[in-house]
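For reference, the structure is listed below as C-alpha cells.
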Amino acid sequence: GVADGPALPRYVRVNTLKTSVNDIISYFKRQGYTYLGKARSIEEIVQFVQKPGKRFLQDSHIPDLLVFSPNTDFHKDSLYTAGHLILQDKASCLPAFLLSPPVGAHVIDACAAPGNKTSQLAAIIQNKGKVFAFDLDTKRLATMSTLLLRAGITCQELANQDFLTVSPDDPKYQKVSHILVDPSCSGSGMPDRMRMLSEEAGSETSERLQALSAFQRRALSHALSFSSVQTVVYSTCSVHQQENEDVVKNILEQYTDFRLVKALPSWPVRGQNIFPGSDSCLRASFTETLTSGFFVALFQRKDEGSRSSV
Ligand code: SAM
C-alpha cells in the first residue's frame, strides 16, 4: 500500500488571486526551506523525492505549482488557511491549465465539487468573467463554498443542479466559450488511502464501469452541445480505458465538428492507442509521472479560427 511504498511529492498550487509565486517562494525560504529552482523534467522531480528534506522546486509543467517532499503537511500553515496555497495534486491541475480560458471568459465547470478546479479556473480568468459551477451533491457543494470563499473567488455562480439538465439554450450561458467536464469516475487512479476516504470510489464491477462510462459520455456530449463553446476539457482520475479513451473515441465519432488538440505535447505519457489521434490525450500515473492516475482530453471546435475572426 501507499503507506509502505514511496509517496507522492506534496504539490502546492499558488493561488495567484491572493499572492504570487515569487512571494510564496520568498515565504518558504524565510521558513528555512531551500529553493532548488524550476524542475526541467519529471525525472528531476523523481530524483528530488528520493532525497527528503526541507527543500522545494517549481514544477516543470505548471508554473503556479511548487513541489515539496512527500508527507510535508501544510494543513496548519497560515498561508493554507488564508487561501494563498491550494493543496492539489499535479495531475488534477492539468485540466484547467490546459483549458486555459482567457481573462474575462465565461466558463462552465460541469461537475465541480469540491471545487479545486473551479478555484483554479477563477485564478486563470483573474476573477473576471464567470465560472458557472454545477454539482448534484449538496454536502460537497457546501465544502466547495467554503473553499472558494477562503480562496477569494468572486466570479463563480454555484448551482445544486444536474449538469445534464442545464439548458444550452438558456441566454445565461450564451457567452460560454470553455467547459471543464470532470465527472464522477471509478477513482481507480487515486492513491489507496484517498480512495478509501472518497465516497465516490466503490467496487469496479463491469456494470459499475459501464454505468460510469455512460454518464461520462452524456456529460461530455452535453458540454459539446453548447452553441458558443469553443474548447472543452474532459478528465477523470481513472486508469480504465472504458472511462477514458473509449469515451473520447465515441464522442469524436458523434461530434464531427470537434477535434482533439494535443494536450501538453511535452508530457511523456499519452492516451492508449485505440483510435487515430489517441496520443493527443494524456495520461498520468504514479510510476510514470509521479502524480495520481489521471486522464485528460482537450476538444476544440473545428471552425474556431474562422468563427473568432468574424
Ligand atoms: N472537479 C472537482 C474538483 O476538482 O474538485 C471534482 C469532481 S468529482 C470527480 C465529480 C463530481 O460530479 C462529484 O462531486 C459529483 O457529485 C458530481 N456529479 C455527479 N453527477 C453529476 C451531474 N449529473 N451533474 C452535476 N454534477 C454531478
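A few points about this structure:
- Amide H contacts of Q156: V131, each under 5 Å away and 5 or more positions distant or on a separate chain (H built 1.01 Å from N in the peptide plane; Pro and chain starts excluded).
- The value of relative contact order for the chain, using C-alpha pairs under 8 Å at least six residues apart, is 16 percent.
- Note on N160 and V261: the extension gain reaches 33.2 nm, defined as 0.36 nm multiplied by sequence separation minus the Cα-Cα distance.
- Simple point charges give the picture: +1 on the Cβ of Lys and Arg, -1 on the Cβ of Asp and Glu, and for the range 90-308 a dipole about the Cα centre of about 580 debye.
- Hull-based mean projected area of the range 120-171, where the convex hull spans the alpha carbons, in square nanometres: 3.9 nm²
- Nonlocal amide H pairs with S188, under 5 Å, H built at 1.01 Å: V239
- When each of K117/K139; K172/K249; K90/K128; K128/K302; K117/K302 is checked by Cα-Cα distance, pairs over 22 Å: K172/K249; K90/K128; K128/K302; K117/K302
- Loop-located trypsin sites (Lys or Arg not before Pro) in the range 261-301, at most 13 other Cβ atoms within 10 Å (DSSP): K262
- Top of T81, T205, T34 by mean-square fluctuation, Gaussian network on the chain, Cα under 10 Å: T205
- Spacing of the modelled spin labels on Q47 and K172, each 7 Å from Cα toward Cβ, amounts to 5.2 nm.
- The label-point distance for A214 and T146, in a model that sets each label 7 Å from Cα toward Cβ, rounds to 3.5 nm.
- Derived scalar couplings ³J(HN,Hα) [the range 114-129; Karplus, 6.51 cos²θ - 1.76 cosθ + 1.60; whole Hz; x for Gly, Pro]: x, x, 5, 6, 4, 5, 5, 4, 4, 5, 5, 8, 6, 6, 10, x
- Extension gain from T205 to S78, taking 0.36 nm per residue of separation minus the Cα-Cα distance: 41.4 nm
- Gain in span if fully extended, Q300 to T16, counting 0.36 nm per residue against the direct Cα distance: 99.6 nm
- Calculated from backbone phi, Karplus (6.51, -1.76, 1.60) coupling profile of the range 58-66 in Hz, x at Gly/Pro: 8, 5, 6, 10, 10, x, 7, 10, 10
- The range 74-113 and the range 1-62: distance between their alpha carbon centers, rounded to Å: 17 Å
- Kirkwood analysis of the chain, using all unique Cα-Cα pairs, places the hydrodynamic radius at 19.9 Å.
- Amide proton proximity set for R10, modelled H, under 5 Å, gap of 5+: F68, S69, N71, T72
- Virtual spin-label span in nm between K54 and D137, 7 Å along Cα→Cβ: 3.7 nm
- Phi angles of the range 26-38 translate, via the Karplus equation with coefficients 6.51, -1.76, 1.60 and θ = phi - 60°, into HN-Hα couplings of 4, 4, 5, 4, 5, 7, x, 8, 8, 8, 9, x, 8 Hz per residue; Gly and Pro are given as x.
- Semi-axes of the equivalent ellipsoid for the range 10-86, Cα gyration tensor, largest first, Å: 19, 14, 11
Read-outs throughout are calculated quantities, based only on the coordinates presented, and are distinct from any laboratory measurement. Here the structure is a predicted model, which is why all the values come from computation and not from measurement. Note that each Cβ is placed from the backbone with ideal geometry, even for glycine, and that neighbours are counted across all protein chains shown.
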